[in-house]
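> Below: one structure in structure tokens.
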Amino acid sequence: KNSPTLLTHTALGLVSEIFTPEVVARMEAGVAAVGHVRYSTHGAKSVRNVQPFTVRFREGMVAVAHNGNLTNADALRAELELRGSIFNTDSDTEVVLHLMATSLGGAGQDPASGSYGVNSSIVRRAADALSRVQGAYSITLLVKDQLIAVRDPFGFRPLVMGRVPPPPGSGAKDAIVFASETCA
């Protein structure tokens with residue numbers, strides 16, 4: 001089974017300037033999204049560091065967005081670089097992706113269903129990678145058929161789940177949303 005394409009739109013600036021009506025119209029055909037709006041606390045202010053980051057694993061496409069600080073990111077980056085990892089950004093979020101890529105915890109899609117459910121490779125890779133990071137963070141991962149939301153084990157960084165009702169009479173289900181700040 002092929003993973004669907006994940007559309008990406010990233011830029012520096014205000015949301016109202018970046019997500020023009022044309023950009024939003026192009027993305028409305030999707031059924032899930034990961035957005036990221038914040039100032040850079042780690043890494044240079046550069047379009048290369050704008051999230052979400054979208055990458056292709058053997059198991060399919062993954063989009064990741066992260067808010068917080070990974071206090072051991074520099075040490076993990078140095079270890080990964082010694083093992084051959086090449087980084088495209090100076091964002092600590094990319095460290096998580098490299099930890100996932102080098103994780104031996106993922107062995108492929110669930111053979112019975114072909115899905116990326118609780119026992120899937122991507123979930124196992126993410127769990128393995130996040131077990132190695134320290135700090136205060138919340139992270140969302142979007143894969144083929146799931147949105148995965150994680151916060152640091154101590155709950156230092158908020159992660160809020162909510163529901164947005166559909167327009168009346170549309171017959172659509174509530175949208176499930178996550179935010180890393182309660183004011184969102």
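> Would you mind telling me which numbered condition in (1) at pLDDT 75 or above; (2) aromatic (Phe, Trp, Tyr); (3) within 19 Å of Thr140 (Cα to Cα); (4) open to solvent by 50 Å² or more (accessible area, probe 1.4 Å) Tyr39 fails?
Of (1) at pLDDT 75 or above; (2) aromatic (Phe, Trp, Tyr); (3) within 19 Å of Thr140 (Cα to Cα); (4) open to solvent by 50 Å² or more (accessible area, probe 1.4 Å), only one is false for Tyr39: (1).
> Check every one of the helices (runs of 4 or more DSSP H) wholly within the range 64-178 and list those with 3 or more residues that are closer than 23 Å to Val37 by Cα, at pLDDT 85 or above and open to solvent by less than 10 Å² (accessible area, probe 1.4 Å).
In the range 64-178, 92-102 are the helices (runs of 4 or more DSSP H) which contain 3 or more residues that are closer than 23 Å to Val37 by Cα, at pLDDT 85 or above and open to solvent by less than 10 Å² (accessible area, probe 1.4 Å).
> Also, quick follow-up: Can you pull out the residues in the range 156-184 that are in contact with a Pro (Cβ under 9 Å, 6 or more places away or on another chain) and among the polar types (S, T, N, Q)?
Ser180, Thr182
> Would you check which residues across the range 46-60 are open to solvent by less than 30 Å² (accessible area, probe 1.4 Å), in a strand (DSSP E or B) and on the phi < 0 side of the Ramachandran plot and list them?
Of everything in the range 46-60, those that are open to solvent by less than 30 Å² (accessible area, probe 1.4 Å), in a strand (DSSP E or B) and on the phi < 0 side of the Ramachandran plot turn out to be Phe53, Phe57.
The values are calculated or read from the model by the stated rules, or taken from the named source; none is laboratory data. Computed from a prediction, not measured in an experiment: that's the story for all the values here. Heads up, the Cβs are rebuilt from the backbone with ideal geometry, glycines too, and the neighbour counts pull from every protein chain shown. Surface accessibility is based on the protein's heavy atoms, side chains included, excluding ligands, DNA and RNA. Shrake-Rupley method; radii C 1.70, N 1.55, O 1.52, S 1.80 Å.
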